[in-house]
Structure formats: structure tokens, C-alpha cells
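K.L.:
Following this message is one structure expressed as C-alpha cells.
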Amino acid sequence: MTFRINVAATYLSQVYVAVVGIAVTPLYLKALGTEAFGLVGFFTMLLAWFYLLDFGLSPAILRETARFRGGSMPAEAFRKTVRAIELLFLLLALLSAVLTALLAEPISRDWLQASQLSPATMRDSLWLMAGSIGLRFATVLYRALITGFEQLAWLGAFNAFIATLRAFAVLPALAFWGDTPRVFFWVQLAVSVVELAWLARHAYRLLPPASKVGLSWAPLRGVARFSATVAFTSGLTVAVTQADRLILSGLLTLQDYAYFNLAVQVAGAVLLAAAPLTAAILPRLTTLVASKADDGIKRIYALGTALTSAATLPVAATLALYGHLVLWAWTGRQDVAAAGSGVLALYAIGNAVHAHLSLPYALQFAHGVLRLHVIGSTLLVAMLVPVQVLMTMRVGALGAGLSWLGMNVLYALFWVPFAMRRVDPATHRGWLPSLLRAAAACLTAAALAYPLRDAALAGGRLAAAAFLVAVAALATAAAVLACAPLRELLAARLRHSAAGARA
């Protein structure tokens, strides 16, 4: 029961945080203006890159906490490990803050391109970002500790509270002290102080008592190998998902960068739809592989592929075909819709392909063969970054979107089949045909409503939103019917219901 509550709390918290972020974005855009909102996107991107300084320490402390709770580590050794990692983590947090502060002047003067915001405003904003980055980096450690103690229900509620505070405390502050980036980032800094203090207090209450803790760096040797492996794979993930944002922050004006970030944020809904499925399929596949249940492996892999298609492809098809309508219904601004619809379409489709790559990864993980995944991800990063730079310099944000889509398609068509032939070709065989059938069905179904697009646009933002929901529902029905495992599951449920009704 506790496990189910923890899982439900985590998922609900993630969904709530995402919904709050989506809901508050148009309010920020209206209050701050487009260029200042570009600074907010730059701040989010910096956070993602500085989390690389984690070096795998937070997963390591989570793992050590689980070992302590499982009885394989005495309390005193655990406390010493926590103390060593905590001090190193805090030093890294300080380093991230100092580094951002030192770079504030050259970034504001030579990197960011603004026509309305002064270099002094951007520099002051970056100094405030530096404090928030350091504080939020430090919270990662305490979140990992709390997760290791399986306090996920508490953590989910806390994350929802902080997301609400961080999102909505800004609005009265902007109204009272002025709608400037400085006010926005002052509020973010204040919320980060509250967040860190509260998390640290709760984490310390969970730690076991120990007579002597002291300070020794020796425990770090025990987690070094594990941390290095996690750090490398995490670095690849950040490089794949954040390289375009870093590149574009220096090549685009802040206004165009804001348009780009808005489009990418909406396209992120595709990945959000797939995240719970990945979390559920990974342990199930691992268990089935360990028990050598070949039929079960094939069934779960096929079902996982079908569920991923049904969760992501209808969203991607709706965003790709009706991106202008989506952005206008969300923000109420035609300039955002006109500038971002092309980028939104490319990233939505690219994200749908990327979401399906989680299935081959899960199968490799279950078999304990990750070498080819690491090689493939490294090659993807090595190719993606220079291509994105060249394409962005030629055609702007659309070039980054084309690169993201193209690289994911090439990875799916060439590297995945190559890797899976060496892992489990029989299980993987139907993956690509299933994806293509579902994609064709979703695009066809979504396109059927296109003649009604202008009427939805003329009806106002609420009518447009209702139209988009209807399109996504139609595309979802098409995806379910196109995927054999879901079609069979639906037919079995209908037969069961009919038999129950007759009885």
C-alpha cells in the first residue's frame, strides 16, 4: 500500500508541477514582456547544465540510503558517507553560484542579445540567478536522501507546494514592486532559500543517530565508480536535451529565444506523457528477463510500444498540425503563435520519436547490456551539437528543430536496429512497424479535422481549446485501433463487459 501511495504521489506531483508551469507561463509573458521572459528560459537552461556538477552523487546517496535501510550498512558508516557527500555537494553548489556570478558580466555584454533590456539589468538578473542556482543545486542532495527513505508522498506534496509558491508568489511581487526581471529573480531566490532550509531540516530528521560522525573523505571512494557511471550517462542526457537551448541562447535575440522556449515547453508535453510508462515498464521488463519469461518479455515490449504510441503520437500529431492554434489558445498572442508554430511542430514529432527510444533502452537495461546504448548516445551527441550549430546559424530556431527531429529519426532507423540485433532481435522486431502504423493513423485522424480549424480560431480561445481536445481524442482513438495489443485488449474488455451484462 505504501509503495502504491508513493508512486501515485510522485506522478500526481509531477503532473501538478507541469500544469502549474504551463498555466503560469502566459501570465509571466504578459507581465514581464518577451525579452525578459527569454531571460527566464535562459535561467532554466542554466539550471539543467549546472546539475551536471552533481557528478552522480545524488543517485549515489540514494543508493547508500537504500543499503542502510536494507541493513547492509551500519548507522555510523552511513552518517559518515552522508557527511562526506553533503560537504562535497555544498562545495559544488557554491562553485556553481560563484561561476555564474563571475560570468554574469561577459554573458550579459557579449552573449545575450537584447534590444530593450540593458546590460546592467541582465547582469543583475544573472547575479540573482547565481544565488538561486547554488541553492537549488544543493536541494538535489536532500531530495535524494528523502527519496532513499521512501518519503515520496511527503516529497511530492512539498514539491507541489514549492512549485505553487515559486509560480504564484512572483505575480503580486511584480504588481507591487514593478514588472522587472530583477523582481522576478529576487522572488526566485527567496523561494529557493525556503526550499533548501525546509528540505535540509526534513532530511536531517530522517537520519539515524550516530555517536561520532566527523569528517572523512574515505567514504567517497566507495561510491566513486557508481557515481562516475551515472554522471557520464546523465551528462549525455543533458547534452542531448539541452545543447540546442545553450547554442540558441547566444545565436538568437532574447525575444526570439523566448519564442523558441515557449514552443519547446509545449512540445515537452509529448515527453511528459511518456514518462510514467517508462518508469513502469523498466522494472517489469527487468523482472521478466531475469526469470527468462520470453513470451512475457515480447508481450510487455509490444504493449509498452503500443501504450507509448497511444500516449505520445496523438499529442504530437495535434501539436504538429495545429501548432499555431495551440500557441494562440495558450498565450493569446498572435506573435508567439506565428513565430513558434514551426518549431513546435518539429520538436513535437522529434519528441515523439525520442519517447519511443525508451523501449529499446529499457530492453537493453533489462538484459544488462548498456554498452551499445552509451556508444549510441555518445555518437548522437557528437553529431547533434555541430549540426545544430550549423543549422541554427543558417535558418535560426527552425534549424535546431530540424536537427532534433532528423537526429532522432536517424537514430531510430539505423542505430536502434543495429544495437537490438545484438541484444534481443526477436522481441524488438515489431517495434518500428508498430510505431509507423500508429503514426500514420494519428496524423490521418488529426488531419480530418483541419477544415474546421478556421472556425475554431474564429470562436475564441476557449473554442480553440475545445477543438484541440477533440482532435487529440480522435487521434487517440485512431492510435488505439492501429496498435494490435491495445486493440486486442480493448476487444477483450468489451467481451468481458458483454458477458457480465448477460449474466
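The values are calculated or read from the model by the stated rules, or taken from the named source; none is laboratory data. All figures in this text were calculated on a predicted structure; none of them were measured in a lab. All Cβ positions, even for glycine, are placed from backbone atoms using ideal geometry, and neighbour counts span all protein chains on display.
K.L.:
Only one residue in Arg502, Arg487, Arg493 is outside the structural domain of Tyr322 (by TED's automatic domain parsing) and modelled with pLDDT under 90. Which one? Before the answer, list the steps.
P.N.:
Details: Arg487 fails: outside the structural domain of Tyr322 (by TED's automatic domain parsing); Arg493 fails: outside the structural domain of Tyr322 (by TED's automatic domain parsing).
From the options Arg502, Arg487, Arg493, the qualifying one is Arg502.
K.L.:
May I pose another question? Give just the number: which of (1) farther than 30 Å from Glu76 by Cα; (2) modelled with pLDDT of 90 or more does Val170 not satisfy?
P.N.:
It is condition (2) that Val170 fails.
K.L.:
Could you say which residue among Ala438, Ala463 is more than 30 Å from Ile375 (Cα to Cα) and not basic (Lys, Arg)?
P.N.:
Values: Ala438 fails: more than 30 Å from Ile375 (Cα to Cα).
Only one candidate passes the filter, namely Ala463.
K.L.:
Hey, any hits in the range 374-391 for a residue that's buried (at least 16 other Cβ atoms within 10 Å of the Cβ), without any contact (Cβ under 8 Å) to a residue 40 or more places away in the chain and of a type outside the set (Lys, Arg)?
P.N.:
yes
K.L.:
Something else: State which residue is surrounded by the most Cβ atoms within 10 Å (Cβ to Cβ) when the search covers only the range 177-192 and only residues that are among the β-branched types (Val, Ile, Thr) and over 24 Å from the mean Cα position of the chain (by Cα).
P.N.:
Among them, the one singled out is Val183.
K.L.:
Of all the residues that make up the range 278-321, how many are of a type in the set (Lys, Arg) and closer than 30 Å to Ala338 by Cα?
P.N.:
Going through the range 278-321 one residue at a time, the tally reaches 0.
K.L.:
Mind checking which residues of the range 16-32 are of a type in the set (Phe, Trp, Tyr) and out of contact with any Phe, Trp or Tyr (no Cβ under 9 Å at 6 or more places or on another chain)?
P.N.:
Tyr16
K.L.:
I'd like the full set of residues that are touching a residue at least 24 places away in the same chain (Cβ under 8 Å) and not in a helix (DSSP H, G or I), limited to the range 84-126.
P.N.:
Leu112, Gln113, Ala114, Ser115, Gln116, Leu117, listed by residue number.
K.L.:
Given the conditions (1) touching a residue at least 60 places away in the same chain (Cβ under 8 Å); (2) part of a helix (DSSP H, G or I), which single one is not true for Leu436?
P.N.:
Among (1) touching a residue at least 60 places away in the same chain (Cβ under 8 Å); (2) part of a helix (DSSP H, G or I), the lone unmet condition for Leu436 is (1).
K.L.:
Just to check your reading of the model, which residue among Leu246, Leu327, Leu303 is out of contact with any Ser or Thr (no Cβ under 7 Å at 6 or more places or on another chain) and modelled with pLDDT of 85 or more?
P.N.:
The unique qualifying residue is Leu303.
K.L.:
If you don't mind, there's one more thing I want to ask. So which residues in the range 330-373 are under 16 Å from Met407 (Cα atoms) and either acidic (Asp, Glu) or modelled with pLDDT under 90 (or both), if there are any at all? Reasoning before the result, please.
P.N.:
Of the range 330-373, the ones under 16 Å from Met407 (Cα atoms) are 343, 345-358, 373.
Once the filter is applied, which keeps residues that are under 16 Å from Met407 (Cα atoms) and either acidic (Asp, Glu) or modelled with pLDDT under 90 (or both), the range 330-373 yields Ser358, His373.
K.L.:
I've got another one for you. Could you tell me which of the residues Leu128, Leu135, Leu152 is at pLDDT below 85, surrounded by 18 or more Cβ atoms within 10 Å (Cβ to Cβ) and not polar (S, T, N, Q)?
P.N.:
The match here is Leu152.
K.L.:
Okay, next question. Residue check: is Ala337 touching a residue at least 24 places away in the same chain (Cβ under 8 Å) and either touching a Ser or Thr at 6+ places or on another chain (Cβ under 8 Å) or buried (at least 23 other Cβ atoms within 10 Å of the Cβ) (or both)?
P.N.:
For Ala337, the condition - touching a residue at least 24 places away in the same chain (Cβ under 8 Å) and either touching a Ser or Thr at 6+ places or on another chain (Cβ under 8 Å) or buried (at least 23 other Cβ atoms within 10 Å of the Cβ) (or both) - is not met.
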